[in-house]
Amino acid sequence: MAFDKKPWAEPYRIKVVEPLKTTTREHRLAAIRNAGWNTFLLHADDVYIDLLTDSGTNAMSDGQWSRMMVGDEAYAGSRSFYRLEEVCRKYYGYRYIMPTHQGRGAENLLSKCMIRPGQYVAGNMYFTTTRQHQELAGGTFVDVIIDEANNSFSDYPFKGNIDLGKYERLIHEKGAENIAYITVGAPVNMAGGQPVSMENMRAVSELSHRHGIKVVLDATRNIENAYFIQQREAGYADKSIEEINREFCSYSDAATVSAKKDLYVNIGGLVMCNDSELYDKLRSLVVVYEGMPTYGGLAGRDMEAMAEGLIEAVQDDMIASRVRQVEYFGNLLHEAGIPIVTPIGGHGVFLDAKRFYDHLPQNEFPAQKLAGDLYVESGVRGMERGIVSAGRNKQTGDHYYPELELVRLTVPRRVYTQAHFDVAAYYIIEMYNNRHNAHGLRMVYEPEFLRFFQARFEEI
Ligand SMILES: *Cc1c(COP(=O)(O)O)cnc(C)c1O
């Protein structure tokens, strides 16, 4: 066999394995009907390769497991908190660090502390839980992402960037005092894991601060973003992930993190800031929702695993192997002509359901159905990121009709091998060849909040 470029391999080997279960097509068809065609409602035991999410589904290292044994479970002033604080200060650079039970715990606290009812919050495409907390705090989210983000097959390298013109118009239209803050997520989950450039982040920071507007980073996937900057942005090829990440954070005033992503743990979150007044507000509220500021809803052992996970996460070879595994999977599909979001994102491969099921209208939930059909045909579980996830406009009550109607196939960190992705790609390619046999869905149950988690559907 000849190689056209130098191969790469994971910077770790496997010590513990977890057997997988296979099922029949009849079993899976019954299971998805029972689950109301919602992959969130399946029993995980009925799933073969689980690409539902990369959230909390990571494999921890022997280093993390061993740190769990030395976790300090003191109710207040835990040694494990001080270790986490030290590691987060070193790698993210913020002055104040507070753990939370997961990302949305941090979003809840920050939204409540920073938004006055009636204010606007700008951001680069919404994220489900982030926008929900902003709305519950009385804010209105305004999307100021660049237009390329909504084009599933653009090759623009930084499709997560903020459109500075859109943002500036919003400031002039609403007045800077009516904008609570701008939230920058990087890479942008809902746009298919698309990164934000350092140049854009610097400009957003400069424009915001000139108008007295705070910049809040959703730093959940920051390490993946740092990798893309290193690979794609001029002047960063020779900088380490650690340096790039710290520089990126330095342009913001505060950050929320779901540690269930970059930090290689199964549970945890962070809220961080530089401003002592904001910290005081967060500290008084955290005891209502999470716990003491030195544990924030986590066990001491969880904080140890997070600290160790962050140290591993910023290693250049570790993040390179994570993103390149996603790229490997994406390339198998792209080269076979399957419509996916390009460039391939940092955490998963996104099937473009509008082009895959081009015979189904958006109000028959093509991405929801494609996720269900993929499960039935292969036992591979993905999730909808389209009209169901977008929810309804709270003023008009209508569905939001997002440009992107996607099925997200997320890659858990350090969990599957390339052979699993060969199998998943094989079934997707087979389904694509028979795609016009598929029928749409109708929604028969709709929860009030974050409906995609629990909505139910029937086949038309
Ligand atoms: C997962 C995620 C969140 C929410 O975090 P949870 O830990 O699931 O509560 C927020 N923002 C982004 C970008 C995420 O991926």
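The values are calculated or read from the model by the stated rules, or taken from the named source; none is laboratory data. Quick caveat, the model's predicted, so the values are computed rather than measured. Quick reminder, even Gly has a Cβ in these numbers, built from the backbone with ideal geometry, and neighbours come from all protein chains shown. Just the protein is used for accessible areas: all its heavy atoms, side chains included, with ligands, DNA and RNA removed. Shrake-Rupley method; radii C 1.70, N 1.55, O 1.52, S 1.80 Å.
What do you reckon, is residue 371 touching a residue at least 12 places away in the same chain (Cβ under 8 Å), open to solvent by 10 Å² or more (accessible area, probe 1.4 Å), under 19 Å from residue 421 (Cα atoms) and out of contact with any Leu (no Cβ under 7 Å at 6 or more places or on another chain)?
So residue 371 fails the test.
Just to be sure, is residue 237 touching a His at 6+ places or on another chain (Cβ under 6 Å), more than 11 Å from the ligand (Cβ to nearest atom) and not aromatic (Phe, Trp, Tyr)?
Against the criterion (touching a His at 6+ places or on another chain (Cβ under 6 Å), more than 11 Å from the ligand (Cβ to nearest atom) and not aromatic (Phe, Trp, Tyr)), residue 237 does not qualify.
Out of all the residues in region 403-460, which are basic (Lys, Arg) and open to solvent by less than 20 Å² (accessible area, probe 1.4 Å)?
Those that are basic (Lys, Arg) and open to solvent by less than 20 Å² (accessible area, probe 1.4 Å): 408, 413, 451.
Out of curiosity, is residue 393 surrounded by fewer than 24 Cβ atoms within 10 Å (Cβ to Cβ) and at pLDDT 95 or above?
For residue 393, the condition - surrounded by fewer than 24 Cβ atoms within 10 Å (Cβ to Cβ) and at pLDDT 95 or above - is not met.
So how many residues does region 243-253 have that are over 20 Å from the mean Cα position of the chain (by Cα) and in a helix (DSSP H, G or I)?
Of the residues in that region, 3 qualify.
Give the residue, chosen from 256, 294, that is polar (S, T, N, Q) and either within 14 Å of the ligand (Cβ to nearest atom) or in a helix (DSSP H, G or I) (or both).
256
Just one of (1) in a loop (DSSP other than H, G, I, E, B); (2) within 28 Å of residue 241 (Cβ to Cβ); (3) away from the ligand (no atom under 13 Å from the Cβ) trips up residue 279, so point out which.
Condition (1) is where residue 279 drops out.
In the set 311, 344, which member is among the aliphatic types (A, V, I, L, M) and under 19 Å from the mean Cα position of the chain (by Cα)?
None of the others qualify; the one that does is 344.
Could you please let me know if residue 159 is in a helix (DSSP H, G or I) and on the phi < 0 side of the Ramachandran plot?
no
Among the strands (runs of 3 or more DSSP E) confined wholly to region 32-146, which include 3 or more residues that are in contact (Cβ under 8 Å) with a residue 12 or more places away in the chain, within 16 Å of the ligand (Cβ to nearest atom) and surrounded by fewer than 20 Cβ atoms within 10 Å (Cβ to Cβ)?
Ranges flagged: none.
Which residue, of 272, 303, 318, is touching a Lys or Arg at 6+ places or on another chain (Cβ under 9 Å), modelled with pLDDT of 95 or more, assigned to a helix (DSSP H, G or I) and within 16 Å of the ligand (Cβ to nearest atom)?
303 is the lone residue from the list that is touching a Lys or Arg at 6+ places or on another chain (Cβ under 9 Å), modelled with pLDDT of 95 or more, assigned to a helix (DSSP H, G or I) and within 16 Å of the ligand (Cβ to nearest atom).
What do you reckon, is residue 248 out of contact with any helix residue (DSSP H, G or I) (no Cβ under 7 Å at 6 or more places or on another chain) and within 16 Å of the ligand (Cβ to nearest atom)?
Criteria not met by residue 248.
Out of the residues in region 147-191 that are closer than 25 Å to residue 232 by Cβ and of a type in the set (Phe, Trp, Tyr), which is nearest to the ligand (Cβ to nearest atom)?
Within region 147-191, the match that is nearest to the ligand (Cβ to nearest atom) is 158.
So that you can scan it fast, the table gives a plain yes or no per residue for (1) outside any helix (DSSP H, G or I); (2) closer than 27 Å to residue 350 by Cβ:
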residue	(1), (2)
169	no, no
177	no, no
182	yes, yes
196	yes, yes
201	no, yes
208	no, no
216	yes, yes
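How many of the residues in region 216-269 are acidic (Asp, Glu) and closer than 21 Å to residue 159 by Cα?
Final tally of qualifying residues: 5.
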